[in-house]
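*Asks:* This is the structure I want to talk about, given as structure tokens.
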Amino acid sequence: MTGVFVTFDGPGAAGKSTLIRAVADALTRRGIAPVTTCSPTRTPLGDQLRAGTHTYRGMAMACLIAGDRHHQLVTEIEPAITAGRIVLCDRFLPSSLVLQGGIDGIDSDVIWHLHRGIWTPDLAILLRAEVPVLEHRLALRGAHSRYEQQPGSSRTESELFATVAADLRRKGWPIAEVDTTRRSCENIAAMLVDHILHLHTRRTSA
């Protein structure tokens, strides 16, 4: 497989969606149009999960999210990687470890078991920002889920993602932590694009 799989995770309002658009645009300008996807997916199940965080909780949400992700792997990610494409995914397993694990209380071993067979990304980007900045951004754009509506969500998610990042690094995941507090989206995107293209060149020339 000659493609490259890149995931973006982090607390609410860290800038995942904005950064993915910037990276996708920069790659396209350099002649490589990536495949962009997200979790939950833009499928009937994914749309239901995105709108239903108050309805689905605990083990139910963990199972549904994992099922959606397995479907995404088979129908979107694997075909694109096999075809040599660069895939950019907004949220992946790290978010499940934080949201369904750390916040909803599902044991991390259960999260890992539900995701058995899910690929390790070629690059797992974990965004972070100072908590007051996250809170300000979140207030401006509004909460997207019950996770973001909980008091102190920015601090809670930031601490959980830091723990998950350290754990994934110990497990051998290629983690890149990026602080979005003050750096411009364009500057971060340019740095990431160079790294992603290096991975893609190395993969295609192997």
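Where a number appears in this text, it was derived from the coordinates with a stated rule and is not lab data. Here the structure is a predicted model, which is why all the values come from computation and not from measurement. Virtual Cβ from ideal backbone geometry, glycine too; neighbours counted across all protein chains shown.
*Asks:* Evaluate the charge dipole of segment 4-205 about its Cα centre and quote only its size in Debye, nearest 20, assuming +1 on the Cβ of each Lys and Arg and -1 on the Cβ of each Asp and Glu. Present the calculation step by step, with values, prior to reporting the outcome.
*Replies:* Working: 23 positive and 21 negative charges, 76 e Å.
Around 360 debye, computed over segment 4-205.
*Asks:* Could you tell me which trypsin sites (Lys or Arg not before Pro) in segment 71-131 are loop residues by DSSP with no more than 15 other beta carbons within 10 angstrom of their beta carbon?
*Replies:* Listed in order of number, the matching sites are 116.
*Asks:* With a ≥ b ≥ c taken as the square roots of the eigenvalues of the C-alpha gyration tensor of segment 84-129, please select rounded if a/c is under 1.5 and otherwise prolate if a/b is larger than b/c or oblate if it is not?
*Replies:* On the way: a/c = 3.09, a/b = 1.44, b/c = 2.15.
The shape class here is oblate.
*Asks:* To continue, here is another question. Excluding residue 85 itself, what net charge comes from residues whose Cβ is under 13 Å from its Cβ, given Lys and Arg +1 and Asp and Glu -1?
*Replies:* Details: positive: 203; negative: 76, 78, 122.
With Lys, Arg at +1 and Asp, Glu at -1, the neighbours total -2.
*Asks:* Using the C-alpha atoms of segment 4-205, what convex hull volume per residue, in cubic angstrom, is computed? Could the numbers behind the result be given before it?
*Replies:* Values: hull volume 23.0 nm³, N = 202.
Taking the convex hull of the Cα positions in segment 4-205, it is 114 Å³ per residue.
*Asks:* Mind checking which of 13, 129, 166 has the largest fluctuation in a GNM of the chain, springs on alpha carbons under 10 Å?
*Replies:* Comparing 13, 129, 166 in a Gaussian network model of the chain, the most mobile one is 166.
*Asks:* For residue 185 and residue 71, what is the calculated FRET efficiency with R₀ set at 35 Å and r taken between the beta-carbons, to the nearest 0.05?
*Replies:* On the way: r = 30 Å, r/R0 = 0.86.
For R0 = 35 Å, the calculated efficiency reads 0.70.
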